[in-house]
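Heads up, the thing below is written out as structure tokens.
Every number here is computed from the coordinates shown, using simple stated rules; none is lab data. Keep in mind that this is a model prediction, so the values were computed, not measured. Positions of Cβ are backbone-derived with ideal geometry, glycine not excepted, and every protein chain shown enters the neighbour counts.
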Amino acid sequence: MSHIAELHQQLERMRPALQRFAMLQLRNADHAEDAVQEALLAVLEKPESFSGKSTLRTYVIGILKFKIIDFLRASNRESQLADFAGEDQSDDDIVDHLFNANGHTVEAASAWGAPEASLQQQDFFKTLEICLEKLPTQTARVFMMREWLELSTEEICKELALSTSNLWVLLYRARLRLRECLELNWFANTSSKK
Amino acid sequence: MRLFYTCKQAHQKLSENLDRELSLVERTQLKIHLGMCDSCTNFGRQMKTIRMAMQAMAKGKSSDQDEP
């Protein structure tokens with residue numbers, strides 16, 4: 001089998017994961033598919049650029065991230081920041097129902113059993129992906145920019161014209177939701193799984 | 001300014017700790033609160049677990065492939 005044909009096959013095997021990553025960030029199947037397509041084409045056009053210093057998967061994901069950042073930049077120019085306001089209401093609820101009027105937690109957070117072992121399991125990442133899908137669109141976009149694209153808070157604020165304190169609050173709410181979802185769908189079950 | 005954080009304040013600082021460097025005063029107040037509060041201590045560890053999980057995902061870990 002030729003080198004290119006082999007590369008092609010490897011890329012095809014990666015496509016579903018790439019599609020899911022792009023979808024979690026962009027929240028639109030067509031846009032996600034375009035970003036993945038562009039990333040794969042970029043690799044196929046210049047296969048010699050892949051130096052072998054990193055794994056192919058790391059290399060392709062790096063390119064996909066660049067494509068997604070380009071896409072976010074282009075679409076943010078058109079997008080309405082009013083989207084954030086619409087989501088705020090339900091996001092306030094997520095904070096409020098965790099604490100009573102004195103600022104104490106309504107239900108104490110219990111320790112998660114063996115988090116390091118969880119991070120070794122594919123099923124954990126399936127649960128994490130589902131929890132990320134459940135985040136409100138704009139909250140997810142901001143959270144993924146911070147945690148998956150690994151952009152600095154300054155970069156995100158600039159891209160989205162958000163104040164830093166707004167960004168911190170959005171990220172906090174995203175983490176609260178994720179924590180609750182992972183608790184219910186993963187960590188509450190880990191003891192019974194062993 | 002209240003001397004002690006409520007759990008609500010401590011939760012928010014534990015998240016912000018992942019996005020900015022807390023001031024000395026904030027770090028001190030948080031430390032005092034965590035010394036008295038198991039729930040917020042657990043919450044802080046959970047925030048770090050979520051960060052570690054996302055770092056693994058950022059490197060390419062997903063539900064269908066083990067290694068990046």
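Take the residue pairs A:67/A:158; A:65/A:158; A:126/B:61; A:67/B:13; B:8/B:31; B:8/B:48 and return only those whose Cα atoms are more than 21 Å apart.
Details: A:67/A:158 18 Å; A:65/A:158 18 Å; A:126/B:61 10 Å; A:67/B:13 33 Å; B:8/B:31 15 Å; B:8/B:48 18 Å.
With Cα atoms farther than 21 Å apart: A:67/B:13.
Averaged over A:133-146, how many beta carbons belonging to a partner chain fall within 10 Å of each residue's beta carbon? Walk me through the intermediate numbers first.
On the way: counts 0, 0, 0, 0, 0, 0, 0, 0, 0, 0, 2, 3, 0, 4.
The mean count of partner-chain Cβ atoms within 10 Å per residue comes to 1.
Cα-Cα pairs above 28 Å in chain A: how many percent? Mind showing how you got there, number by number?
Working: 7048 of 18721 pairs.
Across chain A, Cα pairs with separations above 28 Å total 38 percent.
For peptide A:117-127, compute the average count of partner chain beta-carbon atoms within 10 Å of each residue's beta-carbon. Could the numbers behind the result be given before it?
Numbers: counts 0, 3, 7, 3, 2, 6, 1, 4, 9, 3, 2.
Average per residue, whole number: 4.
Could you tell me the relative contact order of the stretch A:95-194? Use alpha-carbon pairs under 8 Å, at least six residues apart, and round to a whole percent. Can you show the working numbers first?
On the way: 56 pairs, mean separation 30.8, N = 100.
RCO, the stretch A:95-194: 31 percent.
Roughly how far apart, in whole Å, are the Cα centres of the stretch B:1-24 and the stretch A:116-156?
With the stretch B:1-24 and the stretch A:116-156 each reduced to a Cα centre, they are spaced 22 Å.
Relative to the longest principal Cα axis of chain A, at what angle does helix A:3-26 sit, 0 to 90 degrees, rounded to 10?
With both axes taken from Cα atoms, the answer is about 20 degrees.
Counting pairs of alpha carbon atoms under 8 Å apart in space and at least six apart in sequence, what relative contact order in percent does chain B give?
On the way: 31 pairs, mean separation 21.2, N = 68.
Computed value for chain B: 31 percent relative contact order.
Order the peptides A:139-151, A:163-175, A:116-128 from the highest to the lowest mean number of other Cβ atoms within 10 Å of their residues.
Numbers: A:139-151: 21.8, A:163-175: 19.3, A:116-128: 16.5.
Peptide ranking by packing, descending: A:139-151, A:163-175, A:116-128.
Once the piece of chain linking residue A:2 and residue A:104 is laid out straight, how much longer is it, given 0.36 nm per residue of separation minus the C-alpha distance between them? Display every interim value, and only then the final one.
Numbers: separation 102, 0.36 × 102 = 36.72 nm, distance 6.35 nm.
Answer, rounded to one decimal: 30.4 nm.
From other protein chains only, count the Cβ atoms within 10 Å of every residue's Cβ in B:5-14, then give the mean. Intermediate values should be presented prior to the final figure.
Values: counts 1, 6, 10, 9, 2, 2, 10, 6, 2, 2.
Across the residues of B:5-14, the mean count of other-chain Cβ atoms within 10 Å is 5.
Kindly express, to the nearest 10 degrees and within the range 0 to 90, the angle between helix A:82-96's C-alpha long axis and the longest C-alpha principal axis of chain A.
Helix A:82-96 sits at roughly 50 degrees to that axis.
How high is the FRET efficiency between residue A:73 and residue B:36 when r is their beta carbon distance and R₀ equals 41 Å, given to the nearest 0.05?
Values: r = 45 Å, r/R0 = 1.11.
So, using R0 = 41 Å, E works out to roughly 0.35.
Sorted by mean Cβ packing within 10 Å, highest first, what order do the peptides A:2-9, A:29-36, B:31-38 take? Can you show the working numbers first?
Working: A:2-9: 10.8, A:29-36: 17.9, B:31-38: 14.5.
The most tightly packed comes first, giving A:29-36, B:31-38, A:2-9.
So how tilted is helix A:122-134 from the main axis of chain A? Cα-based, degrees 0 to 90, rounded to 10.
70 degrees
At a Förster distance of 30 Å, what's the computed FRET efficiency of residue B:20 paired with residue A:58, Cβ-Cβ distance as r, to 0.05? Before the final figure, lay out the partial values.
Values: r = 28 Å, r/R0 = 0.94.
Taking R0 as 30 Å, the efficiency between residue B:20 and residue A:58 is 0.60.
In whole percent, what relative contact order does chain A give with Cα contacts below 8 Å and a gap of six or more residues?
Values: 125 pairs, mean separation 41.8, N = 194.
In percent, rounded to a whole number, it is 22.
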